[in-house]
Amino acid sequence: FRNNIMINERIEKIENEKRIDKEEAILLYEKSDLHLLGRLAHNIRLKKTDSSQVSYIVDRNINFTNICVSGCAFCAFYKKPDEEGGFLLSNDEIYNKIDEAIKKGASRILMQGGLNPNLGLDYYEKLLKGIKERFKIHIHSFSPPEIVFIAEKEKISTSKVLRHLKDAGLDSIPGGGAEILVEETRRKISPHKCSGKQWIEVMREAHKLKMPTTATMMFGHIESIKDRVFHLERIRELQDETGGFTAFIPWTFQWKNTKLGEFKASSFEYLKTLALSRIYLDNIKNIQSSWVTQGAKVAQLSLFFGANDLGGTMMEENVVRMAGATFRMDEDEIVNLIERAGFVPVRRDNNYKILEIKGGS
């Protein structure tokens, strides 16, 4: 009975658009049911975004190298330097992939690689300049761990690295490498990657340079519910300070071929965490569904649990695929999924500007 009173008080607080704290978020997750969280999250989504529309972007994901010294326990993609199977795409191979993507209507490319010790700042600058000289495309690339790694290699600040990359053509930064922003948990799953504090600092510096970024959370492994909420708190705090996050994307750990071992977050757990993210992150407009890890049907359900965006077509994806995720969708499938859920599909750019309304009136 007492739990019901406590839950009802939090429901009233949320419906009155008042911010909840970490303890209240944990209470809601642990004591309320999926449908309640979904209803609260969906109502917030309808108020914050166009209630009739669901957005997506046509883009391509390019993993330009898998050579990495981080050795994260959750990663099945990386190869150690000099290990068989390691690769670095040539610039011409990258240009060809971009050309193919643009011909299919892409407005953005996402490039992410490993922490490759053979690549310095000069490599990244030349690559960016080469792309911009050849193509009119938004470059959304190089997550905070990559930025920190470059800075440490060059013995300069992350702020200086970001300024160099921006001048060379980098437009925005993806939220990869956040995993869980709790240092104790982070040290267990990725001890050689940048700290949670460094991840936040790179994003802060990017926002100061007027470079928009996204934020992510990888959950469903060794972390606790408390860890997830602490992660959300760190994101919310920085967004209060800078307003630089365009979207938040929570996704579930994929375990196959990883050192971390078998952890399986259910679709139930995914939807509940997605809904809590929408409720807690009251200062981030766009919440993106992870169809790459959840598949089309759960992605469709997520549109009623706080998500207003289905992310990118990607065209190719290698990192989570190596860990067992096999879901694929092209633009037509994404449009059909949105329409069948009762929404109007809209194609957007990286900054959520609508480029084309695909259906409806």
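Within the stretch 87-105, being open to solvent by less than 20 Å² (accessible area, probe 1.4 Å) and in contact with a helix residue (DSSP H, G or I) (Cβ under 8 Å, 6 or more places away or on another chain) holds for Ile94, Ile98. Among residues of the stretch 329-361 being outside any helix (DSSP H, G or I) and touching a Gly at 6+ places or on another chain (Cβ under 7 Å), the one that is surrounded by the fewest Cβ atoms within 10 Å (Cβ to Cβ) is Val344. Taken over the stretch 1-59, the criterion of being among the hydrophobic types (A, V, I, L, M, F, W, C) and not in a helix (DSSP H, G or I) is satisfied by Phe1, Ile20, Val54, Ile57, Val58. Among the residues of the stretch 107-123, those that are crowded, with 20+ Cβ neighbours inside 10 Å and not in a loop (DSSP other than H, G, I, E, B) comprise Arg108, Ile109, Leu110, Met111. Scanning the stretch 261-275 for residues that are surrounded by 15 or more Cβ atoms within 10 Å (Cβ to Cβ), modelled with pLDDT under 90 and closer than 20 Å to Leu36 by Cα turns up just one, Ala265. Just one of the listed residues (Tyr56, Tyr78) is within 22 Å of the chain's Cα centre (by Cα), among the hydroxyl-bearing types (Ser, Thr, Tyr) and at pLDDT 95 or above, namely Tyr56. There is no residue in the stretch 128-143 that is touching a Cys at 6+ places or on another chain (Cβ under 8 Å) and within 22 Å of Gly175 (Cα to Cα). Considering only residues that are touching an Asp or Glu at 6+ places or on another chain (Cβ under 7 Å) and under 17 Å from Arg278 (Cα atoms), look in the stretch 217-236 and name the one that is modelled with the lowest pLDDT. For the stretch 217-236, the residue satisfying everything is Met218. How about the stretch 277-298: which of its residues are among the hydrophobic types (A, V, I, L, M, F, W, C), over 17 Å from Phe253 (Cβ atoms) and assigned to a helix (DSSP H, G or I)? Once the filter is applied, which keeps residues that are among the hydrophobic types (A, V, I, L, M, F, W, C), over 17 Å from Phe253 (Cβ atoms) and assigned to a helix (DSSP H, G or I), the stretch 277-298 yields Ile279, Ala296. Here's a check for you: in the stretch 306-322, which residue that is at pLDDT 75 or above and open to solvent by 20 Å² or more (accessible area, probe 1.4 Å) is farthest from Ile284 (Cα to Cα)? Taking the candidates together, the pick is Met315.
The values are calculated or read from the model by the stated rules, or taken from the named source; none is laboratory data. Every value quoted in this text rests on a predicted model; they were computed, and no experiment measured them. Note: ideal-geometry Cβ built from the backbone for every residue, glycine included; neighbour counts use all protein chains shown. Surface areas here come from the heavy atoms of the whole protein model, side chains and all, with no ligands, DNA or RNA. Shrake-Rupley method; radii C 1.70, N 1.55, O 1.52, S 1.80 Å.
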